[in-house]
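The values are calculated or read from the model by the stated rules, or taken from the named source; none is laboratory data. Predicted, not measured: the structure shown is a model, and the values here were computed from it. Every residue, glycine among them, receives a Cβ derived from its backbone with ideal geometry; neighbour counts consider all protein chains shown. With ligands, DNA and RNA removed, areas are computed over all heavy atoms of the protein, side chains included. Shrake-Rupley method; radii C 1.70, N 1.55, O 1.52, S 1.80 Å.
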Amino acid sequence: MRKIWFATSNKGKLIEVQERFSHLGIEVEQLIAPYPEIQADTLDEVVEDGLKFLWKEYSRPLMIDDSGLFLDDREGFPGVYSAYVLHTLGCQGILDLMHSDTERQAHFKCCAGYIDESGNVHIARGRVDGSISKEERGTTGFGFDPIFMPEGHARVFAEMTLEEKNKMSHRSRAFDKLAGMMELKKD
Ligand code: IMP
């Protein structure tokens, strides 16, 4: 079975990508390899920089993921600062910030990157639109999953199974595209 390394310390991201690639007959192996997340305006910049850093350290093909939650009526906050905001304010902090907001549209974006055996960088993006719930719900997933309700659904991500979230998530969309770019389906 073909194996691909995924440099992440986030177990939630790992199992989502493993589930997605299992449909292609590919094993995704976690690589615990911290890389500096540069202060950047876009997820793409963080990913490109991270891949180049890891290539210098490990010189092996691998994937990484940078994602964020973007509140449409708050100029995309927290966006590239999502990890910091989750760590400091949590889901409840986002709910408090939006307590009187009637416009609750939001989206997740994921930038998935792969550096191949020749050191070439491949980038794929995925997005899911939805809204912020009024309270935290559910027990599955990770991060902002308890407050994000994808468009056309009455449940937040944390009330869905892994497979359900993976049918529509920003991450599965990005990694499906990345898999196509790697031509994995031909193996
Ligand atoms: P990073 O990509 O590790 O920088 O993550 C950005 C932040 O967004 C982290 O706090 C994640 O927990 C959160 N996040 C990223 N993807 C998801 C998701 O699929 N669901 C919920 N939160 C997410």
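Only one of the listed residues (GLU48, GLU103) is within 16 Å of the ligand (Cβ to nearest atom), of a type outside the set (Phe, Trp, Tyr), farther than 18 Å from ALA179 by Cβ and not in a strand (DSSP E or B). That residue is GLU48.
Filter segment 3-57 down to residues that are of a type in the set (Asp, Glu) and more than 17 Å from LYS109 (Cα to Cα) and give me whichever is most open to solvent (accessible area, probe 1.4 Å). Checking each candidate, the answer is GLU57. Given the conditions (1) touching a Ser or Thr at 6+ places or on another chain (Cβ under 9 Å); (2) within 18 Å of LYS13 (Cβ to Cβ), report the number of the one that ARG104 does not fulfil. All conditions are met except number (2). Please tell me if ALA124 is in contact (Cβ under 8 Å) with a residue 12 or more places away in the chain, out of contact with any His (no Cβ under 6 Å at 6 or more places or on another chain), surrounded by 22 or more Cβ atoms within 10 Å (Cβ to Cβ) and of a type in the set (A, V, I, L, M, F, W, C). When the stated conditions are applied, ALA124 does not pass them.
Taking the numbered list (1) surrounded by fewer than 15 Cβ atoms within 10 Å (Cβ to Cβ); (2) within 11 Å of the ligand (Cβ to nearest atom); (3) over 17 Å from ASP66 (Cβ atoms) in turn, TYR84 passes all entries but (3).
A single entry from ASP96, ASP72 fulfils the requirement of being surrounded by fewer than 21 Cβ atoms within 10 Å (Cβ to Cβ) and closer than 28 Å to ASP176 by Cβ: ASP72.
Taking each residue of segment 155-169 that is among the aromatic types (Phe, Trp, Tyr) and looking for partners that are not in a loop (DSSP other than H, G, I, E, B) with beta-carbon atoms closer than 6 Å, six or more apart or interchain, yields PHE157/ASP145; PHE157/PHE148; PHE157/LYS165.
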